[in-house]
Every structure is written in C-alpha cells, then in structure tokens.
Amino acid sequence: MKSLTSIIVFSAALVSFVAAKPAVETRDSCKGNQFWYAKLGCCLDHGGPSAPPTPPRSRDCPKDNWYWNTKQGCCTPRHEDPPEPTCKRGFSWSKGSWCCEEDPTPTTGNSTPSQTPPGGSYGGGNNGGYNGGYNGGNNGGYNGGNNGGYNGGNHGWKAKRHNRIVERCPSKKTECPIIGARSLNKSSDYECVDTYQDIKHCGGCSSLGEGQDCTAVAHSWNVGCEAGVCKLYTCKPGYTVSKEDGKTCIKS
C-alpha cells in the first residue's frame, strides 16, 4: 500500500514538473487559428486581439497590421507576410526592440564653441591673447599664460565649454557622445537620450562606460530599458531567458 501511494505521489509531482516547464514553440506547435512568425520564432493568433494592450512609454506599433504583444515584449503582425512596418511621425522602427521607438530630441542652437588661441582662453594664448602682453609675454595673459587667461587658460576654457555642453540637452535628457564620430568639432558629436528608457544607454551613457547597451546581450531578441535597468524579454530561436538571473540567454 505504501509503495502504491509513493508511486501516485511521484507521478503527480512529475506531471506538475512537466506542466511547469515552458514548451519551446515550433512551426508544428501552432494551432489551427495561429500562424508561424519565423522572425520571432513564435506562434501568433490570426488577426490578433481586438483590443491590444498599450505599448510602454516611448514605444509604439504600426497601425492596422501590427499590435503590441505583451508576451513577446514587442510589436507582432496580425497576419502572415505583413508589409514593412511604418511608424508614425516622431518614431522610427527598431530591429533591436522590434517596435517603433521615439526619435531622440533634436539639438538646437549653435553647439560649436568659440575658437580660442592654442595656449589659453579668452584672454590667454601663446602670447597672452586679447589681454596678453600687458603683464607677461609668452607666459602672459591677464591672469596667467597657458594656464591663465581671462577664463583660466586651457583649463578655464574647457570648464566653460563643459558647462555649455551640459545645457544643450533638455530636462531629463543626458548628453551622450557618439562613438566613432569623425567631425572636426567633437563637441557637436552627441545625442540627447533618456537613460531611464533608452536601450542603447540604459542607466547611463554606454559610450562613456556608464550604464549598459541592452542590445548587446548575447543571443537576445527583444530587450527593453525600464527605470535605467535592462530587461530581457525574449531570446533568439534556440535560446531562452535564464530563470536564474533573467538577464542572459541560455540554450533551450
């Protein structure tokens, strides 16, 4: 009797374990009212939901043929072979997050700093700049040669320039340098981003070694940035989100 009871308990536990383990979707696993979407490696309902959920902030889905899929964490088509996704004005399609993402805020004003002599600031320069010569030749400048000048020589000019750069981005936006920029004026090679939601600069400027580029997660398919923390929604076919940390993709 005890043996029979043990077998029943073990069988029940085994059934529970199998039921709890998520099944990997394949083309053959799609039901009659579903179609296989190879780009995401999943089965989708024909026509999609009549009242789809609202996408997260700063994200959107193309109208008519696409909708926000909470399970997949991205936009999915209502039918097979959908047309190329077209986003509304102010948004652009991202293959990294598979949805329409809000365009970065355009910069305004003249971002080019005023040119200064090589050795000083407004009043610096090799020969003292505008206010030079008055108190000192090569090491002159109103307040001190290469490290002097009206605004403190090289150091003063850089500090003033830094302050001007910070003010170029609107409130709640952070200025992040663009990696690989080649223009002569490096100070203009930047973008204003929301580090609380931007998947390329999540939690800080990844170009400065701060925060994280969520799209760089190995084998990831759909990622997001929530409150400055990368979120891994789905992985590429053949991989699944790790249950241990939820931040990496492991082989299924």
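Please treat every number below as a calculation from the coordinates, not as lab data. Since the structure is predicted, the reported quantities are computational estimates derived from the model, not experimental observations.
A few points about this structure:
- Less than 5 angstrom separates the built amide H of residue 42 from those of 37, all sequence-distant by 5 or more or on a different chain.
- Phi angles of region 83-96 translate, via the Karplus equation with coefficients 6.51, -1.76, 1.60 and θ = phi - 60°, into HN-Hα couplings of x, 4, x, 10, 8, 6, 4, x, 10, 9, 6, 10, 6, x Hz per residue; Gly and Pro are given as x.
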